[in-house]
Amino acid sequence: MRTNSSNVMKNKYYATFFREFLSRPRAVGALLPSSPQLATRMVNSIDWKHVEVALEYGPGTGAFTGHIIKQLTPDSRFLAIELSPQFAQLLAAQFPQATICTGNVADVASICGQHDISQVDAIVSGLPWAVFHDQDQEEYLDAMMNVLRKDGQFVTFGYLQGLLLPAARRFRRR
């Protein structure tokens, strides 16, 4: 019985993800959410012993979110910044222990300020950097550098086919 409920929820997330992709492909960047294997690799690359404040950029339907939450200490703080109100609503229901912020990562300093956070130790990003315009990449990265501690950790990924795009090559250089 639990499997059917789990499958229904998973299908709901996939359907929402696909609809968001169709309506805003440059913001979503993928047809389906990231795999659990990718989430594990991304999250395991962070040195969680030294993380007091963590951010997640573009959590979508939460492919990385649950993995991040499992790594946090009881004293850690965690914010997820999601542009899509539909995704933010799903995340809030699925992860009531997380602080889900609806907004643009370009406004990360303001979002952090609203939560009395001046600097963060780790950022896990699910953003589709390879499809962003040059000025968006620059704006998002500059904003990130204003809140990420000097020795902070930033983890992201890209799809192999995305390496062919000019925006992906720009992002790698940055």
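Values computed for the structure shown
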item: Cα gyration tensor shape of region 36-89, rounded if a/c is under 1.5, else prolate or oblate by comparing a/b with b/c; result: oblate
item: Heavy-atom accessible area order for His50, His133, largest first, 1.4 Å probe; result: His50, His133
item: Contour minus Cα-Cα distance for Glu138 and Lys150 (0.36 nm per residue); result: 2.5 nm
item: Net charge of Cβ neighbours under 14 Å - reference Asp107; Lys, Arg +1; Asp, Glu -1; result: -4
item: Positive minus negative residues near Gln119 (Lys, Arg vs Asp, Glu; Cβ under 13 Å); result: -1
item: Global geometry of region 61-118, whether rounded, prolate or oblate, following the gyration tensor of its Cα atoms and the 1.5 cut on a/c; result: oblate
item: Per-residue SASA entry for Cys101, accessible area with 1.4 Å probe, Å² rounded to 10; result: 10
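The values are calculated or read from the model by the stated rules, or taken from the named source; none is laboratory data. The structure displayed is predicted, hence computed values, not measured ones. Backbone-built Cβ (ideal geometry, glycine too); neighbour counts: all protein chains shown. Just so you know, the surface numbers come from the protein's heavy atoms only, side chains and all, with ligands and any DNA or RNA stripped out. Shrake-Rupley method; radii C 1.70, N 1.55, O 1.52, S 1.80 Å.
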